[in-house]
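Remarks on the structure that follows.
The values are calculated or read from the model by the stated rules, or taken from the named source; none is laboratory data. Since this is a predicted model, take the numbers as computed values, not measurements. No Cβ is skipped: glycine too gets one built from the backbone with ideal geometry, and neighbour counts run over all protein chains shown. For the accessible areas, the whole protein counts, side chains as well, though only heavy atoms, and no ligand, DNA or RNA atoms are used. Shrake-Rupley method; radii C 1.70, N 1.55, O 1.52, S 1.80 Å.
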Amino acid sequence: MNATRIGPSLLAADFARLAEDIGRVERGGADFLHLDVMDGHFVPNISFGLPVVAAVRQTTRLELNTHLMLQDPLPFIGPFKEAGADSLVVHVELESAQAVLGTIRQHGLQCGLAVNPKTPVSALYPYLDELDSVLVMSVEPGFGGQAFQPAALDKIRDLCAEIERRGLDIPVGIDGGVHPGNAAACRRAGAQCLVAGSAVFNSPDPARVIADLRG
Ligand code: DX5
Ligand code: ZN
């Protein structure tokens, strides 16, 4: 079993002190950074886009795992690669999911597929053969700081069973409301990547939180 990977979500960082906050979590043992890009259409919020990803790229060598909550990600795959994203996660709820995954691959980036709380995890199954990662949302996407939805744990268990049944090796991540108090349950359910925003950045000791999340 691989070690759990921890990815702080920059949505909860201090945007006026981004480089400083990134340095703190990088020194604190973060395995990757999770960048939540929102367009105000796929989710009812707008976060940040290409210039911020490019600026973050200048400040860290950590993997930039970019979570695209966009209604139409297709025209932006190339630009996000240019900006320095390493892996792109898009949503299975999109009609264009298949085409977007193909385009991500064509650009030589790692591709992941996320599933919203109301979408059954079986929606991911047709795509499993072509994914580098999967991401189970434990909150409705759009905002940081929401309460963890425990139903995500059953979805992770089902997903891990299906991945194993097919003899695949795809890390399963969880995103939303993750904190040291529920991280053990996430890990036990089979999550190998934990994304956490508020828990990490709202703490005076992010290194401690990252260590606690890893368990
Ligand atoms: C929600 C985002 C999450 C979120 C995590 O739309 O995808 O990555 O920012 O933040 P917390 O850990 O605060 O729920
Ligand atoms: Zn996210």
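Let me know the shape class of the range 84-174, please: from the alpha-carbon gyration tensor, a ≥ b ≥ c as square roots of the eigenvalues, rounded when a/c is under 1.5, otherwise prolate if a/b is greater than b/c, or oblate. Verdict is oblate for the range 84-174. Residue-wise HN-Hα couplings along the range 206-215, as the Karplus relation 6.51 cos²θ - 1.76 cosθ + 1.60 with θ = phi - 60° gives them from phi, are x, 4, 4, 5, 4, 5, 5, 5, 5, x Hz; Gly and Pro carry x. Taking label positions 7 Å along the Cα-Cβ direction at both residue 119 and residue 52, the computed distance is 2.2 nm, reported to one decimal.
In Å², and per residue, what accessible area does the range 1-65 have when probed at 1.4 Å with the other protein chains present?
Accessible area per residue, the range 1-65: 49 Å².
Under 5 Å between amide hydrogens, built in the peptide plane, is the criterion, and for residue 145 it picks out 177, 198 among residues at least 5 positions away or on other chains. The listed peptides 33-45, 17-29, 74-86, ordered by packing as a protection proxy, come out as 33-45, 74-86, 17-29 (highest mean of other Cβ atoms within 10 Å first). With Cα atoms defining each centre, the range 1-71 and the range 103-135 are spaced 19 Å apart in the structure.
Under the simplified labelling scheme, the residue 20-residue 211 pair shows an inter-label distance of 2.4 nm, with each label point 7 Å from Cα along Cα→Cβ.
Averaged over its residues, the range 85-215 has an accessible area of 42 Å² per residue, based on protein heavy atoms and a 1.4 Å probe. Rolling a 1.4 angstrom probe over the chain with all protein chains present gives an accessible area of which 51% lies on carbon and sulfur atoms. Taking 0.36 nm per residue of separation and subtracting the Cα-Cα distance, full extension of the segment from residue 3 to residue 99 would add 31.4 nm.
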